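Data first, discussion second: the structure below is written as structure tokens.
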Amino acid sequence: MLIALDQVKKTYKMGEVEIQALRGVSLTIERGEFVAIMGHSGSGKTTLMNLLGCLDRPSSGHYLLDGQEVSRMSDDQLARIRNQKIGFVFQSFNLLTRTSAIENVEMPLIYGPFVSRQKKHDIAKSLLERVGLGGRMHHHPGQLSGGEQQRVAIARSLVNHPSILFADEPTGNLDTKSSIEIMTIFEQLNAENITIVMVTHEADIAKYAKRAIMVKDGQIL
């Protein structure tokens with residue numbers, strides 16, 4: 001089992017008002033699964049994604065990731081877990097606009113163990129070729145289509161060989177053709193035993209996953 005949540009709650013304080021974003025969520029995700037998390041705006045699905053991705057901590061409850069209790073870890077410990085085990089893909093791509101595709105993919109390698117410049121280049125080049133952008137690696141984001149930018153973002157997310165990918169509305173800014181291309185890449189990655197957890201509100205995109213988790217009012221239906 002890769003992920004196990006047990007009675008996880010998340011409460012935010014807005015002044016004197018408490019907002020319960022998650023109300024006792026329990027779930028498990030097995031290694032190698034492709035899971036879609038669905039729900040309307042305000043349902044708690046993004047909060048759940050942030051907790052699963054170790055970007056936030058629960059207010060109470062337990063979260064085991066790959067057998068480790070991560071819900072009480074320090075910021076540095078969580079950052080280490082993210083760097084070692086997790087890749088992220090976001091709706092807005094989050095690329096640096098003034099750097100080329102290959103430089104964007106190389107970026108996470110700056111923060112890990114020392115890797116030579118040539119090795120960084122080779123790793124990034126290989127990943128861009130893997131997502132079909134071998135001929136576009138020196139283009140800047142502004143010279144790439146939305147689908148191509150998302151492919152750069154996927155290549156970047158794979159740099160540290162994550163065992164799990166979190167994708168937050170990965171096709172939200174894309175047309176139908178580009179969405180299909182991106183989801184095909186996710187299917188291929190999942191076939192290589194990379195666990196994928198994807199937030200989406202689109203039913204046709206959720207169909208690519210092997211299981212859908214519906215969230216409403218901070219609870220799993």
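Data for the structure
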{"read-out": "Filter on LYS45/LYS210; LYS10/LYS45; LYS45/LYS216; LYS10/LYS85; LYS45/LYS207; LYS120/LYS177 - keep pairs with C-alpha separation over 20 Å", "value": "LYS10/LYS85; LYS120/LYS177"}
{"read-out": "Dipole of the chain [Lys/Arg +1, Asp/Glu -1 at C-beta], most positive-end residue of SER59, SER178, MET137", "value": "MET137"}
{"read-out": "10 Å Cβ shell holding at most 15 others, DSSP loop, trypsin sites (Lys or Arg not before Pro): longest site-free stretch of the chain", "value": "99-206"}
{"read-out": "Given charges at beta-carbon only (K, R positive; D, E negative), |dipole| of the range 3-220 in Debye", "value": "300 debye"}
{"read-out": "Neighbourhood charge, 14 Å Cβ-Cβ cut-off, centred on ILE110 and excluding it, Lys, Arg +1 and Asp, Glu -1", "value": "+2"}
{"read-out": "Gap separating the Cα centres of the range 130-207 and the range 12-45, nearest whole Å", "value": "23 Å"}
{"read-out": "Signed unit charges on C-beta, dipole axis of the chain, positive-most listed residue ASN190, VAL159, GLY218", "value": "VAL159"}
{"read-out": "Overall dimensions of the chain as given by Cα atoms, namely Rg and Dmax in Å", "value": "17.5, 54"}
{"read-out": "Size of electric dipole in the range 37-129: Cβ of Lys, Arg +1 and of Asp, Glu -1, about Cα centre, debye, nearest 20", "value": "100 debye"}
{"read-out": "Residue of SER116, SER43, SER59 that the Gaussian network model of the chain assigns the largest fluctuation, springs spanning Cα pairs under 10 Å", "value": "SER116"}
{"read-out": "Rounded to whole Hz, the Karplus (6.51, -1.76, 1.60) HN-Hα couplings of the range 46-58, x for glycine and proline", "value": "5, 4, 4, 4, 5, 5, 4, x, 6, 8, 8, 10, x"}
{"read-out": "Sites excluded, chymotrypsin sites (Phe, Trp or Tyr not before Pro) in DSSP loops with at most 11 other C-beta within 10 Å, longest stretch of the chain", "value": "1-110"}
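Since every read-out is calculated from the coordinates, none of them should be taken as a lab result. What you see is a predicted model; the values in this text were computed from it and never measured. We place every Cβ from the backbone using ideal geometry, glycine too, and count neighbours over all the protein chains shown.
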